[in-house]
Each structure stands twice: as C-alpha cells, then as structure tokens.
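The values are calculated or read from the model by the stated rules, or taken from the named source; none is laboratory data. Computed from a prediction, not measured in an experiment: that's the story for all the values here. No Cβ is skipped: glycine too gets one built from the backbone with ideal geometry, and neighbour counts run over all protein chains shown. Heavy atoms of the whole protein, side chains included, go into the accessibility calculation; ligands, DNA and RNA do not. Shrake-Rupley method; radii C 1.70, N 1.55, O 1.52, S 1.80 Å.
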Amino acid sequence: MKKVQLTETVLRDANQSLMATRLPYKDYEGILADMDKAGYYSVECWGGATFDSCLRYLNEDPWERLRNLRKNLPNTRLQMLLRGQNLLGYKHYHDDVVEKFIELSIKNGIDVIRIFDALNDFRNIETALKATKQYANERTIASGCISYTQSPVHTVEKYIEMCKELKRMGFDTICLKDMAGTMSPYEAEHLIKGIKDAIGDMTLILHTHCTTGMAYMTLTKAIESGIDVIDTATSCFSGGTSQPSTETMFYAFKQYGIDCGLDEDIINKVNDFFKPVKQKYIDNGQLNPKSLATDAQALVYKVPGGMLSNMIANLTDMHAMDKFDAALAEIPKVRADLGYPPLVTPLSQMVGNQAVTNVLVGERYKNISKEVKNYIKGEYGIAPAPIDTELSAKVLGDAQPVDCRDEDKKRTGEEFITAKEALGDLCRSEEDIMSYICYPDQTLKFLKDRKAQEENEAVYTIEEM
Ligand code: CO
C-alpha cells in the first residue's frame with residue numbers, strides 16, 4: 001500500500017498563522033498524551049515564532065516548554081522550524097552561536113530540525129546542518145527546506161537544482177515550503193515529479209497553507225506525484241491562513257487506499273480538545289476571523305498568511321487600515337525591486353514594512369529601514385535576482401556589497417560573554433544565555449520576573465509554615 005505521512009502543525013504553524021502564536025503551553029498540555037499516540041510523522045511544536053512569543057507575550061521559558069513537550073510526547077518526533085543563520089530571529093548570528101543553539105535544541109528534545117534560508121542562499125543553512133549532524137542522536141533528522149515562491153527567476157529547473165544541492169550537502173529529507181499557499185496543483189505536479197526523479201527515494205515533504213484556497217487541490221496533485229509527507233493541522237485550527245485539515249486528509253487517504261498511519265479516534269479526539277480552545281481566542285479577539293477566510297488575492301500579491309495578519313495588526317495599531325489595499329499592492333513592487341526574495345521571515349516583515357512605509361510616507365524609498373539597507377548591502381546573502389540598480393546605488397553609494405559569510409564565520413564568543421555580563425545572577429543555564437542572545441530585552445524581563453516570582457513564593461512558603 002502506498003504511504004503518505006502527516007506532520008501535525010497545530011502547536012506551531014497553525015497557531016502562528018491564525019493567532020499570532022499566542023497559544024500558551026497550558027492550553028494544550030492536556031491533549032499531549034493522546035497526540036503522542038496519534039501516529040503522526042512528526043509534531044511541529046517549536047521554533048518559528050514560538051520562541052519569541054513565549055518570552056514576549058506568554059511569560060514562558062521556551063526551553064522549559066520544549067522539555068515539557070519532550071516529556072509528554074516521548075514517542076513522537078518533535079519538529080522545529082529554524083531560519084538557518086538567523087536561528088529564530090531576524091539577523092545573522094555568528095557560527096558559534098548557531099552551533100550552540102542547535103546543540104541545546106537537540107539536548108532539550110528536538111528531533112526534526114527543518115532549516116531554511118529566506119533567500120534560498122544555502123551557504124546560510126550549512127552551519128546549521130553541520131551542527132545538527134554533529135549533535136545528532138539516533139532520532140535526529142536534518143531537513144533541508146526550500147522557500148517556495150514564484151517569480152521570473154524561480155523556475156521548475158531552478159528548484160530541481162536546489163533539491164540536488166540539498167541532497168549533496170547531506171540533508172536527510174527535503175521540504176518544499178509554500179508559505180503563501182500559492183503553489184498551484186499544476187505546479188505541484190511538475191515540481192514534485194521533477195524533484196522525485198532527481199533525488200530518488202529521499203523523503204520529500206510539502207508544506208503549504210490554505211490562504212488562497214488552493215491547498216487541497218495542490219495536495220491531491222502532490223500525492224499523485226509522489227510526495228512522502230504533508231503538513232496538516234487538526235481541523236478546527238485548519239483552513240484560512242493555516243494548513244489543510246488533518247482529519248479531512250485522513251478520510252481522503254482512506255478512499256485513495258493510502259496508509260497514513262493515523263489513529264482515527266485519536267485525531268478526532270485531538271480536534272474535540274482544540275474546539276473550545278479556538279473558541280476562547282475568537283471570543284477574546286486574539287483569533288481574527290479574517291485569517292480564517294480564503295483570500296485569492298494572495299495569488300496576485302504572494303503574501304503569506306502570517307504576513308497578512310501582521311500587516312493588519314500593524315495598520316490597525318496605527319489607525320491606518322484604510323491604507324491596507326494600497327500597502328498590499330505595493331508589496332509585489334518592493335519585492336521586484338529587491339530581486340524577488342521569497343516572502344518568508346525575515347524578508348516578509350522587511351518587504352511588508354517597507355511597503356507600508358512607502359505608502360504611509362507617500363514617497364517610495366524616502367525612508368528605507370535599516371534591515372532593507374542591510375539586505376541591499378548583502379548582509380542576508382545573495383538575492384535571487386539583481387536588486388534594482390537605482391535603489392541599490394541609493395543605499396550602497398560608492399561602497400561594494402559584502403559577503404555575509406565573512407562576518408558569520410567569526411567565532412569570537414562575544415555574544416556569550418555579553419549575555420553572561422548582562423544577566424549576572426539571573427542566569428542559570430546555557431539556555432538562559434541563548435534566550436538572551438536571541439531576544440535580549442524580552443529575556444532580561446522574563447528572567448527578572450522569574451526571580452521576583454520565586455522570591456515572593458519563598459516568602460509566602462515561610463509564612464505559611
Ligand atoms: Co508555514
């Protein structure tokens with residue numbers, strides 16, 4: 001029997017896409033023991049925006065969350081999403097920082113590390129790959145991930161070449177990451193057949209979003225074309241800017257005669273558990289019903305779900321929602337000027353913010369963000385196509401673009417020293433240091449709160465005795 005396996009995304013991408021990653025660990029702890037028996041290929045539960053959200057909004061230690069997930073999902077592969085040399089942030093870190101982060105991720109319980117670079121500049125995922133191999137245990141899987149996008153320079157042939165390169169580099173699996181949900185059934189068929197021919201029996205994974213309404217058709221073609229693993233979300237957290245539904249695919253697979261290894265009762269139980277959780281966040285406004293709808297406009301603008309909901313949130317904060325359509329229309333123009341970067345973190349934020357700025361200021365590139373300037377200087381890697389010469393000249397002046405690897409290769413250890421000094425006695429572990437390196441302000445606040453809370457508890461306990 002043909003086999004296709006499923007990765008459940010409710011704990012990471014579905015939560016990130018629909019409700020800006022505000023799902024606290026306590027809200028789903030009660031279902032983990034069941035999820036552990038569901039038969040998923042993996043559970044995507046960490047990385048992406050979860051780390052930042054834990055520290056910034058949820059007063060949770062992301063490492064403690066990971067250890068709890070490990071404890072409660074002992075038989076399930078735990079999967080994270082890693083932004084290559086950017087780790088979970090928005091800028092490049094030195095190689096020694098990347099290596100330490102991966103060492104700690106595996107040590108605290110991660111099995112599958114899905115590694116991508118926003119520009120598909122694979123020099124930016126090489127250090128993460130090597131570290132994954134170095135610290136691997138028998139469960140570890142290094143998944144090389146391609147940021148899928150459409151542009152005049154992103155052809156089927158180019159994607160096949162990228163996959164060959166990922167295989168040559170030594171990745172265990174390959175994932176096509178269609179973050180905007182713009183991959184059509186036709187494209188899926190040509191891509192996947194071509195890639196499978198080129199990489200042989202290496203596991204190929206498709207990650208897509210329902211944003212444009214294309215996902216189920218695309219998955220159908222992907223399955224017929226030989227995909228091995230697909231990403232889905234429990235049905236009440238599926239659709240809209242999230243993934244297609246786990247149970248729906250399960251029933252479709254049954255009639256296809258495909259074994260996906262899932263336990264029907266358990267996946268339904270998982271969904272029953274999450275229904276009231278979802279309702280709670282609809283009621284308190286954190287889950288905007290807008291993100292649950294289908295928006296075919298993304299086929300024009302190529303805007304991923306998370307980017308769309310962030311833009312809505314930013315414009316709402318600035319009382320400028322009337323500029324929404326204009327900002328959306330500016331995005332593809334900015335993207336073309338920047339050499340067609342795929343719209344994935346951090347490029348999605350950079351392109352999105354620059355488009356919003358261009359519209360709000362009323363003059364294109366009058367204000368250019370520091371990040372976009374750095375991108376044009378080459379600090380993020382090589383753009384898929386040449387950057388607009390006028391814009392490039394405006395930022396570079398007489399200077400030459402830089403090679404990002406020159407800086408990344410410096411192993412000075414300075415981040416670790418700075419973090420130790422800044423944290424002082426608040427620091428108790430290497431994980432605390434790594435949190436600080438990734439998100440200094442949020443971590444400092446979190447660790448101060450942790451200390452204050454413990455001191456209060458200590459006083460309370462003594463009085464009670
Ligand atoms: Co995604």
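In segment 173-198, the residue that is nearest to Leu308 (Cα to Cα) out of those that are charged (D, E, K, R) and more than 16 Å from the ligand (Cβ to nearest atom) is Glu187.
Looking only at segment 328-364, residues that are more than 22 Å from the chain's Cα centre (by Cα) and open to solvent by 20 Å² or more (accessible area, probe 1.4 Å) come to 11 in all. Within segment 210-238, if we keep just the residues that are part of a loop (DSSP other than H, G, I, E, B) and touching a strand residue (DSSP E or B) at 6+ places or on another chain (Cβ under 7 Å), the residue that is nearest to Val156 (Cα to Cα) turns out to be Ile227. All conditions in (1) in contact with a Ser or Thr (Cβ under 8 Å, 6 or more places away or on another chain); (2) open to solvent by less than 20 Å² (accessible area, probe 1.4 Å); (3) of a type in the set (A, V, I, L, M, F, W, C) hold for Ala20, with the sole exception of (2). Checking segment 300-309 against the condition returns a match, with at least one residue being open to solvent by 50 Å² or more (accessible area, probe 1.4 Å) and either more than 21 Å from the chain's Cα centre (by Cα) or within 16 Å of the ligand (Cβ to nearest atom) (or both). Taking the residues in segment 1-16 that are open to solvent by 10 Å² or more (accessible area, probe 1.4 Å) and over 13 Å from the mean Cα position of the chain (by Cα) as candidates, determine which candidate is farthest from the ligand (Cβ to nearest atom). Per the stated criteria, the residue is Met1. Screening Asn124, Asn120 for residues that are in a helix (DSSP H, G or I), among the polar types (S, T, N, Q) and either farther than 21 Å from Trp46 by Cβ or under 17 Å from the mean Cα position of the chain (by Cα) (or both) leaves exactly one candidate, Asn124.
I'm checking my understanding of the structure. Among residues of segment 84-125 that are buried (at least 21 other Cβ atoms within 10 Å of the Cβ) and among the acidic types (Asp, Glu), which one is modelled with the highest pLDDT? Result: Asp111.
Residues are listed down the side, and each one gets a yes or a no for (1) assigned by TED's automatic domain parsing to the domain that holds Ile331; (2) within 16 Å of the ligand (Cβ to nearest atom); (3) touching a residue at least 40 places away in the same chain (Cβ under 8 Å):
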site	(1), (2), (3)
Glu138	no, no, no
Gln150	no, no, yes
Thr155	no, no, no
Phe171	no, no, yes
Gly200	no, no, no
Ile205	no, yes, yes
Thr212	no, yes, yes
Ala215	no, yes, no
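Here Lys409 does not fit the description of being closer than 25 Å to Tyr57 by Cα and surrounded by 12 or more Cβ atoms within 10 Å (Cβ to Cβ). Taken over segment 186-208, the criterion of being within 24 Å of the chain's Cα centre (by Cα) and open to solvent by less than 30 Å² (accessible area, probe 1.4 Å) is satisfied by Ala188, Leu191, Ile192, Ile195, Met202, Leu204, Ile205, Leu206, His207, Thr208. Would you confirm whether or not segment 27-44 contains a residue that is within 23 Å of Asp449 (Cα to Cα) and open to solvent by less than 10 Å² (accessible area, probe 1.4 Å)? No, that holds for no residue. Looking across segment 269-299, just one residue is closer than 13 Å to Gln16 by Cα, open to solvent by 50 Å² or more (accessible area, probe 1.4 Å) and part of a helix (DSSP H, G or I), and that is Leu292. Of all residues in segment 80-105, those that are aromatic (Phe, Trp, Tyr) have Cβ atoms under 6 Å from Cβ atoms of residues that are assigned to a helix (DSSP H, G or I), 6 or more apart or on another chain, in Phe101/Met434.
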